[in-house]
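Worksheet for the structure shown next.
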Amino acid sequence: MLTDKQPDSARLLILIGPTASGKTKLSLEIAKTYQCEIISGDSMQVYRGMDIGTAKASPEERRAVVHHMIDIHDPDEPFSAAEFQERGSRLIAEITARGRLPFVVGGTGLYVESLAYGYQFSDAGSDEEFRAEQELFLRQHGAHALHDKLRAVDPVTAERLHPNDSRRIIRALEVHHLTGQTLSSQLAGQKKRSPYDICIVGLTMDRQLLYKRIEERIDQMLDAGLVEEVASLRSQGYSDELVSMQGLGYKEICACLRKELTLEEAVTLLKRNTRRFAKRQLSWFRHMKDIHWVDVTDTDQFDKHLRLINGIIEEKLINKTPQQ
């Protein structure tokens, strides 16, 4: 587990922002300027074969800048914030040892924050009987009823988790059952002192423009073959019920392929769900500390935004004195 910051602590650069805010393009330029290696902070990009729907950097982009935490699990393998933190902390040490700057880029708030501040994850253990009871409840009453159970005891965590994320919902209920404490209260009690010399840049933009960009991105994903990607995963035997297949884009297209929705209905639902996801991302980021916000609403001013971000990095990380 990470320790408190030491005088010779590693530097860590982080770029966060909601989906479709332009993180990838900016991150590539920043990485080239500061000799970075990028650590993906996205909980879905870890899965092999899930490329279009997770908006992974292209092979060309990954050849230009080294990327980590992409394609490290098959879609039927579990992945958690605790594993992300463990792998990420090891990567930071390795990248630093190579004389390069570790650069976390992503939009999964808990994952990024847990790495940035060295969170201690719950050691509550497990109660297999309780877990089986919740899984039976899920089968009998459905995902929304299970989500409502969590909302009743831990509304903060319920707001963060999608109703279809049954694995994490059951774990949050299990933590409350075993400890009498909510998962959100445990997270709120974490120390917010980073073990790193840290610089966090956050992207923000006009909400309506962000929603327009989200819808355009989804249209591009469909043109790039999102439906075919989901169909291929299903043909390989990956169940629609997997956590990975409940991700944005995959869940809605699975419903279409099961003939429960038309493609038009699935796309409308996907756009709505992604707008809601972006809203949840922004809500999480607003509760984080140490963020230097850059408004990127004027998308024609990419060079200006890049200069602003580079100025923040220079002041807060590169040229930082020990007293700062």
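Only the coordinates and a few stated rules stand behind these numbers; no lab work does. Note that the structure is predicted; figures quoted are calculated from it, not measured. Every residue, glycine as well, gets a Cβ built from its backbone with ideal geometry; the counts of neighbours run over all protein chains shown.
Remarks
- Taking amide H as placed 1.01 Å from N in the peptide plane, Leu12 has its amide H under 5 Å from the amide H of Asp197, Ile198, Cys199, each at least 5 places away in sequence or on another chain.
- For the range 237-243, putting each phi into the Karplus relation 6.51 cos²θ - 1.76 cosθ + 1.60 with θ = phi - 60° gives couplings of x, 7, 6, 4, 8, 4, 4 Hz, in residue order, rounded to whole numbers and with x for Gly and Pro.
- Rh (Kirkwood; distinct C-alpha pairs) - the range 1-106, Å: 14.4
- A Cα-only calculation for the chain places Rg and Dmax at 19.9, 62 Å.
- Relative contact order (percent, whole number), the range 128-187, Cα cutoff 8 Å, 6+ residue spacing: 31
- Computed from the C-alpha gyration tensor, the three semi-axes of the ellipsoid equivalent to the range 211-297 are 28, 15, 11 Å, from longest to shortest.
- Length gained when the stretch Arg193-Thr33 is fully extended (0.36 nm per residue, less Cα-Cα span): 54.9 nm
- A simple rule links phi to the HN-Hα coupling: the Karplus curve 6.51 cos²θ - 1.76 cosθ + 1.60 with θ = phi - 60°, which for the range 285-302 gives 4, 5, 8, 7, 9, 6, 8, 9, 7, 10, 7, 10, 4, 7, 5, 6, 9, 4 Hz, with x for Gly and Pro.
- Residue with peak Gaussian network fluctuation, the chain [Cα springs, cutoff 10 Å], from Ala97, Ala57, Ala82: Ala97
- For Leu248, neighbours were defined as the other residues whose beta-carbon sits under 12 Å from its Cβ, and their charges (Lys and Arg +1, Asp and Glu -1) total +4.
- Look at Lys259, Lys271 and count the other Cβ atoms within 10 Å of each Cβ; fewest to most, that gives Lys259, Lys271.
- Cα Rg, Dmax, the range 128-187, angstrom units: 10.4, 31
- Proximal charge balance of Asp42 [Cβ under 13 Å; K/R count +1, D/E count -1]: 0
- Long-range tail of P(r) for the range 85-135 (Cα pairs > 13 Å, %): 68
- Förster radius 45 Å - calculated FRET efficiency between Thr299 and Ser239, Cβ distance, rounded to 0.05: 0.70
- For His68, the residues whose amide H sits under 5 Å from its own are Ile38, Ile39, Ser40, ignoring neighbours fewer than 5 places away on the same chain, with H placed 1.01 Å from N.
- Taking amide H positions as modeled 1.01 Å from N, with prolines and chain starts lacking one, the residues under 5 Å from Leu101 and 5 or more places away or on another chain are Cys36, Glu37.
- The simple spin-label model puts a point 7 Å past each Cα toward its Cβ; for Arg98 and Ala82 those points are separated by 2.9 nm.
- In straight-distance terms, cross-link reach from Lys271 covers every one of the aspartates and glutamates whose alpha-carbon lies under 12 Å from its own, apart from those fewer than eight places away in the same chain; here that gives Glu215, Glu216, Asp219, Glu252.
- Karplus 3J(HN,Hα) series, Hz, for the range 39-44 with 6.51 cos²θ - 1.76 cosθ + 1.60 (x for Gly, Pro): 10, 5, x, 10, 6, 9
- Anchor Lys23: lysines whose Cα lies under 17 Å away (excluding residues fewer than 8 positions away in-chain): Lys32, Lys56, Lys212, Lys279, Lys304
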